Each structure stands twice: as structure tokens, then as C-alpha cells.
1. Mind counting the residues in the range 140-166 that are under 13 Å from V30 (Cβ atoms), among the aliphatic types (A, V, I, L, M) and in contact with a helix residue (DSSP H, G or I) (Cβ under 7 Å, 6 or more places away or on another chain)?
2. Looking at the range 117-128 only, could you name the residues that are surrounded by fewer than 22 Cβ atoms within 10 Å (Cβ to Cβ), not acidic (D, E) and not in a loop (DSSP other than H, G, I, E, B)?
3. I need the full set of residues from the range 149-202 which are in contact (Cβ under 8 Å) with a residue 40 or more places away in the chain, exposed (fewer than 15 other Cβ atoms within 10 Å of the Cβ) and among the hydroxyl-bearing types (S, T, Y), in order please.
4. If you scan the range 64-102, which residues turn out to be part of a loop (DSSP other than H, G, I, E, B) and at pLDDT 95 or above?
5. Take the residues of the range 37-64 that are of a type in the set (D, E, K, R) and loosely packed, with under 15 Cβ neighbours inside 10 Å: which is nearest to V213 (Cα to Cα)?
6. Please work out which one of (1) buried (at least 20 other Cβ atoms within 10 Å of the Cβ); (2) over 27 Å from V203 (Cα atoms) is the condition G134 fails and give its number.
7. Give the residue that is farthest from G200 (Cα to Cα), with candidates limited to residues of the range 167-180 that are in contact with a helix residue (DSSP H, G or I) (Cβ under 9 Å, 6 or more places away or on another chain) and not in a loop (DSSP other than H, G, I, E, B).
8. I'd like the full set of residues that are out of contact with any Pro (no Cβ under 7 Å at 6 or more places or on another chain) and closer than 28 Å to R344 by Cα, limited to the range 122-136.
Amino acid sequence: MGAEAVGAPQPLPAAPVVLGLQPSALVDHVARVDWSLLDHIPGERGGSLPVAIEDLEHILSEVKTHILPSENYLSPLKTMAGGSVANTVRGLATCFGVTCGIVGACGDDEQGQLFLDNMKYNDVSLSNLKMKKGSTAQCVCLVDAVGNRTMRPCLSSAVRLQADELTRENFRGSKWLVMRYGIFNLDIIHAAVKIAKQEGVFVSLDLASFEMVRNFREPLLTLLESGNVDLCFANEDEAAELVRGEKDADTEAALEYMGKHCQWAVVTLGSNGCIAKHQKEMVRVHAIGEAQASDATGAGDLFASGFLYGLLKGLPLEDCCRVGSCSGGSVIRSLGGDVTPENRQWMYKQMQIKGLPLPDLCN
């Protein structure tokens, strides 16, 4: 009996419950800087504007002379696997014990290896991530003294997964697909949505940045109005751009629009919490008062982690928002888009106080 079992095929690993689509793997350089540095950098403060590699390297060299002295032993500069989708799936895996994977491509350079090592360390499956010859995308995240952040990504020369490289096997068996809106990835977004729907996978879309919504609003409206996006996340600025020019354009109007085309819609309001809609139900949930903001990087991404955990657990809409508030509040307590072990414990304590179910990994 034992002899027969030796050569038996090994069972395939179970498909990740949540799959993140990040066509280009990304490495974040997060720095706490003197706000005056932004006077020397093109683009608006607080947003996300793509730059060339020369500009990114220039900004990184400038960072060294504008870095703010660290308080409370916080590192003033941190390099890690980044990108909105990577932040969300890493948060789901490490904070909530949800099996997650990422589909995309990284370069065969030092940054690509860093991305792989970081995601693997955080239990994110990389079986759908291709390594290609070339460079990995990078982003400089500049954080001011009160936690506001300005991002300058460099994506143009980076390797990326192409739409025709997606297969149904990438998605088979997963429950959710997490994506971020981006005009450069529109072809692969549409391809991924099509396959996800064929495989019965729910689709979550983050609206990325107010510039992306402002500059490429029509393709976004077409995507949302297709009815194929099940869950949509926007922050206040993105929501404003979504309904700009409409009558009575405010965050509630944006939520109403999103909720008309998506099963679930959420607008995060920073320190004012969030509003969310599921079918005819609408809720408003306060932010956690105890969360001191050190760096807003990843706040929306980790809110999405908590909200998705709530949906997977079958929690009511309001409780999904409360979990999101706890996880979003945990990441802003230190530099970067990942949750430190200390802040994870802080998050579990907040969840306990609010009577929210802790993930199985806590038991």
C-alpha cells in the first residue's frame, strides 16, 4: 500500500480565495519628508502622478536631503512590495488569514526579487506571478509630518502582464478578484473581468486616484455601467471626480451612482469614516478615534482588506465597514502600506471592543 502511494500525484494547492490583479509588480519607497520638497516636484500634492525613471531617481536623491527626523523610533524610509492590490491581498493574508494570490508580472531585477520575497514572506501565493526580463515598477510615496501622502509611480518602462496571458485557470476556484482602475491596464482589466464572470468570481474595483478618475472618466463609467463590477471603493476625492459636473454632485451622489451599478459601494471619508451601500441599504460608519495618523499610505487598501474579510464572513454591511475601519486605522499608525505585528494586535483589540468576529488565526 505504501509503495503505491509513493508515486501518487500530489494534490494541487487550493485556489486562493482572493486573487489580486496587479499587471506590474511594484516596489514602494516610502519616506517621511519635509513638505517643502514637493515644491520641486511636478504635479499636485496629495495625488498620484506617473513619472519617468530619471525623475524617480531624482526624487529619491532629493528625499535624502529633505527627510524628517524620525519620531518614536519610526524608520524615516521604508522599501517594500507595494501597489494598492498587493497591499490589500497582503493585508487579507497576514491580518485575516484569508488565502490570497496575485496575478501579474515582475522584472528579473533586484526590485522584482524584493517584491517576491516580501509577498512570499506574507503568505501570498505567487503561482500566478510571472518573472520577465526587464525592470520592476517603482513608486516614491512622500509623507508629510501629519501623515498626508503624495505618490510618484514609475510604470512606463516596467514589465507587465498582457491581457492575452490571462487564462481561466488563473481564476478558477477563487471567490473574489481585486483590481485597481488604471488606463494603462484597461485592456487586461476588461480581459480579467470577462474571465472572472465566466468563472463565477466576484469583482472588486478600487478607483486608484482622483487624477485617474478625472483624466479617464469615460472608460471608467463604461466599466462600472457594464454591471460586471460587484464592489467599488472610492475615497472622497475620487468620488467627487466621478460625479463632477452632475447636479447635486457630492459624496452621497457618487455612492448612489456606484450603488446603482455595483452590488456593494463604499466611499471612504478619512477621519470622518465611510459611507457604504448594498442594494437599498445605506450606512454611515465613524472612523476609529484612537487611530493616530502617522502615514496615510495604504489606508484605503487595508480598509478594503477588512471590508472583504467581512463579506467573506457574511457580516452585515455596517460590520464590514467597522472591520475596514479597524484595519484601515491599523496601517496608518506606522510608515508604509503593511501592518506591523504591533499594529495588528492593536487592530484585533479594536475589533474585540466593537464585538466583531476575530479571524481564525487569532484562535
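The values are calculated or read from the model by the stated rules, or taken from the named source; none is laboratory data. The shown structure was predicted, so the numbers you read here are calculated from the model rather than taken from an experiment. Heads up, the Cβs are rebuilt from the backbone with ideal geometry, glycines too, and the neighbour counts pull from every protein chain shown.
1. 2
2. The answer is N118, K120, Y121, S125.
3. Result: S156, S157.
4. Just the residues of the range 64-102 that are part of a loop (DSSP other than H, G, I, E, B), to begin with: 68-76, 83, 97-99.
Residues satisfying the conditions are G97, V98, T99.
5. E44
6. If we test G134 against (1) buried (at least 20 other Cβ atoms within 10 Å of the Cβ); (2) over 27 Å from V203 (Cα atoms), just (1) comes out false.
7. Here the answer is R180.
8. N122, D123, V124, L126, S127, N128, L129
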